[in-house]
Amino acid sequence: MSKRRWRGVVGAAVAFIALCAPPSQARDFSTYRPTASATRISPAEAPKIDGDLSDPVWNKARPIEAFYQLEPEEGAPPSEKTVVRVLYDEDNLYFGIMAYDDGPITARIKQRDGDIDSDDIIRIYLDPDMTRRNAYIFEVNPLGARRDGLIQNNTDVIYEWNTIWQAKTKIMPNGWSVEVKIPFRSISYGSRADWGFDLFRLVRRANERIRWSSINKAIASQDITREGTLTGITGIRKGLGLDVQAFALTRYQQVWDSPHTGTGISFRPSGNIYYKITPSLTGTLTYNTDFSDAPLDQRRVNISRFNLFYPERRDFFLQDAASFEFGGQALSVENDPNAAPFFTRRIGIVNDAPVNILGGVKLSGDYNGIGIGALSVGTARGAGAGEQLLSAARVTMPVLTESKLGLIVTNGNPTGQSHNTVAGGDFQFHDSDMFGGKIVQGDFYFERSFDTKAGQDDSFGFNLNFPNEPWKGWFKFKQVGSNFDPALGFVSRSGIREFVGAVAHRWRFSGSDLRWLEVGSWWDLTTGLDNSVQTFIPFDYWVGGYTEAGDYYMIEVWQDRETVPAFTLPHDIPVPAGTYVFDVVHLRTETAPGRFLSGIEDIQYGGFYGGTLLQTDTTLNVNPDDTFMFSARHTMQQISSPHGNVAIHVESFDTSVNFTPDMQLRGQLQYDNISKDMGLSVRYKWEFQPGAELLVVLGDDATLNGTYYQSHASTFSVRLGKTFRL
């Protein structure tokens with residue numbers, strides 16, 4: 001009999017025994033918080049990180065084997081066995097993981113920080129301060145590709161964050177193994193011997209989600225509220241707690257439009273110094289901060305009358321970004337950042353042009369349970385602004401069991417056109433065991449801006465969230481004053497009151513090609529401060545389904561009523577002031593990742609300010625093997641109105657050649673037919689040893705009009721970086 005058949009027999013026997021057991025023996029996953037221990041070893045015993053678990057030292061660790069499915073069958077034993085062992089010495093934390101698997105392993109991505117969750121993956125969660133809100137995550141796929149990130153407030157995952165760690169894998173006939181080494185110096189930690197901890201495994205071919213703790217299919221992957229505990233971590237060596245990150249950048253720039261003013265070779269040293277004041281509180285100094293490794297922003301053309309939001313991509317500002325988070329889901333980047341008091345892209349970018357950062361200081365982490373985030377940065381002259389000193393400070397303290405209170409203050413205006421200060425406070429409530437084990441969240445905030453030109457004004461709001469199954473829902477209220485002006489924050493729409501609500505029900509199926517079906521509705525009412533209606537969506541209905549194969553399908557319809565002032569669309573097409581009512585149909589399909597060919601198709605059609613709008617967004621991903629990756633995206637917005645027509649096209653191409661998990665060549669090309677601007681970026685990055693890298697970047701900004709190509713600025717740079725740990 002095959003191994004697979006034996007496992008099926010054993011699994012059926014386990015399920016039968018569970019069904020026959022007395023109800024009192026059933027595990028209550030609403031209160032289940034498993035505990036595991038880390039085994040202390042001497043540095044001389046440390047395993048070699050090569051993916052081979054044959055090092056005898058792994059036998060010293062007590063194995064972690066009690067994993068459960070989240071999907072497709074919540075609480076059921078996994079179809080494949082996973083065994084995890086945890087070791088540590090005075091400098092590092094080690095994980096040895098055996099992911100048994102008799103079936104075909106899905107592994108196509110070999111890119112550092114790539115979308116490796118389209119493959120089989122192992123994910124490690126570490127919450128050293130037991131916040132149950134913020135954590136580090138470390139992910140590995142069978143090819144040894146690594147991705148690290150920060151969980152922020154159980155809501156956002158900041159994958160742009162990077163630190164120094166190692167992981168190696170080995171694929172075998174009965175599965176794949178992983179060895180991970182995480183230096184304690186790479187994370188912040190307090191004096192606790194018990195850490196928040198969880199483990200996750202994805203078996204991609206079956207779309208089977210497996211977890212050690214948090215056994216609830218409604219809990220999002222970035223939610224660590226019900227994490228387990230890793231015990232016994234004591235006697236960690238801090239050393240001097242000093243990391244010196246040094247960079248040497250040589251750049252050649254050719255400004256074709258003004259060759260006598262911006263062309264030439266430059267050498268720019270830069271660096272960061274990180275000092276752990278305590279193991280969980282880090283002070284940072286930065287000099288001549290370099291952002292040459294930041295990827296291109298996704299190009300978009302604005303067809304609304306509101307500002308577009310672009311997420312932060314620069315490493316310096318992403319380090320410990322959770323320390324500055326404010327407002328919870330009411331101001332979440334993923335949810336609705338309108339009226340956020342602090343948005344780091346305001347630093348170093350003025351009037352859409354980059355401005356050099358001369359230097360800065362940052363304090364981030366935790367001190368005796370108090371969360372601290374403080375930043376002060378000096379920027380150079382440029383983009384019409386003089387030198388500026390820009391600052392922000394954030395303090396939080398835990399209250400109740402899973403909630404927190406906080407304050408924030410920002411000061412400075414990147415443009416230098418006024419003196420600006422913002423102060424605010426928030427309360428973020430979280431209870432993961434309400435109403436019989438349900439999760440309830442509530443976020444409340446108030447903030448006031450003080451500006452020498454705009455004067456004083458406020459923004460306040462709250463968000464209530466019930467993220468459970470089969471029923472889920474949320475309600476949000478937000479008010480943004482007409483003169484609310486956070487110069488270091490983000491406002492897309494001011495002078496409003498907004499009321500938004502949603503409710504949905506999800507059915508799950510067993511033994512079917514359809515895993516779940518969801519039906520929901522939401523509505524939105526936005527008024528001016530005089531209560532005049534600006535936007536009213538009285539109904540939106542959607543039906544979405546997810547298949548066992550991992551494909552997603554959704555259809556959505558809504559009606560929108562907009563009262564707008566006069567504004568213009570691209571190509572100066574006018575939209576007269578007035579009230580418009582239009583119906584919209586929205587279709588979306590996402591094919592399962594992990595295939596040779598996958599993609600997304602999003603189509604929206606309906607009325608649009610007296611005319612019609614056909615909007616398509618198509619993404620095609622090709623993964624022929626673990627070395628090459630190709631992705632193409634095309635968005636189209638075909639607007640027909642009584643005052644003119646316009647077709648907007650945005651093209652982007654992204655390709656990677658992944659020589660090893662630590663050596664990558666990536667190319668990005670973007671173009672839109674409105675500005676006719678083309679952006680090109682080619683980056684070669686090689687992390688030749690942990691903490692040391694070579695980066696080579698070629699960039700070009702040009703105009704493409706038909707067959708006419710005109711380059712405006714071309715750059716070629718080489719950067720060598722090294723982190724020294726003392």
Members of the range 227-277 found to be surrounded by fewer than 15 Cβ atoms within 10 Å (Cβ to Cβ), touching a Leu at 6+ places or on another chain (Cβ under 9 Å), under 24 Å from Ala193 (Cβ atoms) and among the small types (Gly, Ala, Ser), listed by number: Gly239
Filtered residues of the range 664-684 (kept if in a strand (DSSP E or B) and surrounded by fewer than 18 Cβ atoms within 10 Å (Cβ to Cβ)): Leu665, Gly667, Leu669, Asp677, Gly679, Val682, Tyr684
Lone unmet requirement of (1) more than 17 Å from the chain's Cα centre (by Cα); (2) surrounded by fewer than 21 Cβ atoms within 10 Å (Cβ to Cβ) for Asn162: (1)
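Would you call Leu285 over 30 Å from Ser675 (Cβ atoms) and not in a strand (DSSP E or B)? Before you say what the answer is, go through the steps one by one.
Working: over 30 Å from Ser675 (Cβ atoms): yes; not in a strand (DSSP E or B): no.
So Leu285 fails the test.
Among the residues of the range 629-647, what is the count of those that are under 31 Å from the mean Cα position of the chain (by Cα), farther than 30 Å from Ile116 by Cα and at pLDDT below 95? Outline the logic, then answer.
As a first pass, look at the range 629-647 and keep what is under 31 Å from the mean Cα position of the chain (by Cα): 629-638.
Next, only the ones that are farther than 30 Å from Ile116 by Cα stay: 637-638.
Now narrow it down to the ones that are at pLDDT below 95: none.
Adding up the residues that qualify gives 0.
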Strands (runs of 3 or more DSSP E) lying entirely in the range 447-524 (those with 1 or more residues that are polar (S, T, N, Q), in contact with a Gly (Cβ under 8 Å, 6 or more places away or on another chain) and touching a residue at least 40 places away in the same chain (Cβ under 8 Å)): 455-466, 471-480
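Let's see how each residue does on (1) crowded, with 20+ Cβ neighbours inside 10 Å; (2) at pLDDT below 90; (3) over 21 Å from Gly328 (Cα atoms):
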position	(1), (2), (3)
Val355	yes, yes, yes
Asp366	yes, yes, no
Thr379	yes, no, yes
Thr396	yes, no, no
Leu405	no, no, no
Answer from Pro593, Pro574 - the residue that is of a type outside the set (Asp, Glu) and in a loop (DSSP other than H, G, I, E, B): Pro593
Residue that is of a type in the set (D, E, K, R), within 30 Å of Phe596 (Cα to Cα) and out of contact with any helix residue (DSSP H, G or I) (no Cβ under 6 Å at 6 or more places or on another chain), where the choices are Arg147, Arg204: Arg204
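I'd like to know if the range 47-65 contains one or more residues that are more than 20 Å from Glu139 (Cα to Cα), under 28 Å from the mean Cα position of the chain (by Cα) and buried (at least 19 other Cβ atoms within 10 Å of the Cβ). Explain how you work it out, then say what you get.
First, pick out the residues of the range 47-65 that are more than 20 Å from Glu139 (Cα to Cα): 54-62.
Subsequent filtering for residues that are under 28 Å from the mean Cα position of the chain (by Cα) retains none.
Among the residues of the range 47-65, not one is more than 20 Å from Glu139 (Cα to Cα), under 28 Å from the mean Cα position of the chain (by Cα) and buried (at least 19 other Cβ atoms within 10 Å of the Cβ), which makes the answer no.
Being in a strand (DSSP E or B) and of a type outside the set (Gly, Ala, Ser) is the filter here, so list the residues in the range 626-641 that pass it. Steps first, answer last, please.
Keep residues of the range 626-641 that are in a strand (DSSP E or B), which gives 628-641.
Across the range 626-641, the qualifying residues are Phe628, Met629, Phe630, Arg633, His634, Thr635, Met636, Gln637, Gln638, Ile639.
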Spans of strands (runs of 3 or more DSSP E) in the range 149-264 with at least 2 residues touching a Ser or Thr at 6+ places or on another chain (Cβ under 6 Å) and closer than 25 Å to Phe724 by Cβ: 242-255
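Take the residues in the range 95-112 that are touching a Gly at 6+ places or on another chain (Cβ under 6 Å) and either modelled with pLDDT of 95 or more or charged (D, E, K, R) (or both), then tell me which one is surrounded by the fewest Cβ atoms within 10 Å (Cβ to Cβ).
The initial filter retains those residues of the range 95-112 that are touching a Gly at 6+ places or on another chain (Cβ under 6 Å), namely 99-101, 106.
From what is left, the residues that are either modelled with pLDDT of 95 or more or charged (D, E, K, R) (or both) are 99-101.
On the way: Ala99: 27, Tyr100: 17, Asp101: 23.
Among them, the one singled out is Tyr100.
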Filtered residue count, the range 420-460, keeping only those that are buried (at least 16 other Cβ atoms within 10 Å of the Cβ), of a type outside the set (Gly, Ala, Ser) and closer than 30 Å to Arg226 by Cα: 15
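Looking at the range 435-446, which of its residues are assigned to a strand (DSSP E or B) and either within 27 Å of Glu312 (Cβ to Cβ) or among the small types (Gly, Ala, Ser) (or both)? Explain how you work it out, then say what you get.
Taking the range 435-446 as the starting set, the residues that turn out to be assigned to a strand (DSSP E or B) are 438-446.
Across the range 435-446, the qualifying residues are Gln441, Gly442, Asp443, Phe444, Tyr445, Phe446.
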Residue check for Ile137: in a strand (DSSP E or B) and at negative phi: yes
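Provide a single number: the residues in the range 22-77 that are in a loop (DSSP other than H, G, I, E, B), of a type in the set (Val, Ile, Thr) and under 23 Å from Arg211 (Cα atoms). Show your work before the answer.
Taking the range 22-77 first, the residues in a loop (DSSP other than H, G, I, E, B) are 22, 26-34, 38, 41-42, 46-55, 61-63, 65-67, 72-77.
Still in the list and also of a type in the set (Val, Ile, Thr): 31, 41, 49.
Filter once more, keeping what is under 23 Å from Arg211 (Cα atoms): 31.
Within the range 22-77, residues that are in a loop (DSSP other than H, G, I, E, B), of a type in the set (Val, Ile, Thr) and under 23 Å from Arg211 (Cα atoms) number 1.
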Residues (within 15 Å of Met629 (Cα to Cα) and out of contact with any Leu (no Cβ under 9 Å at 6 or more places or on another chain)) located in the range 107-144: Gln111, Arg112, Asp113, Gly114, Asp115, Ser118, Leu143
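The values are calculated or read from the model by the stated rules, or taken from the named source; none is laboratory data. Only a predicted model underlies this, so the values are computations on that prediction, with no experimental measurement involved. No Cβ is skipped: glycine too gets one built from the backbone with ideal geometry, and neighbour counts run over all protein chains shown.
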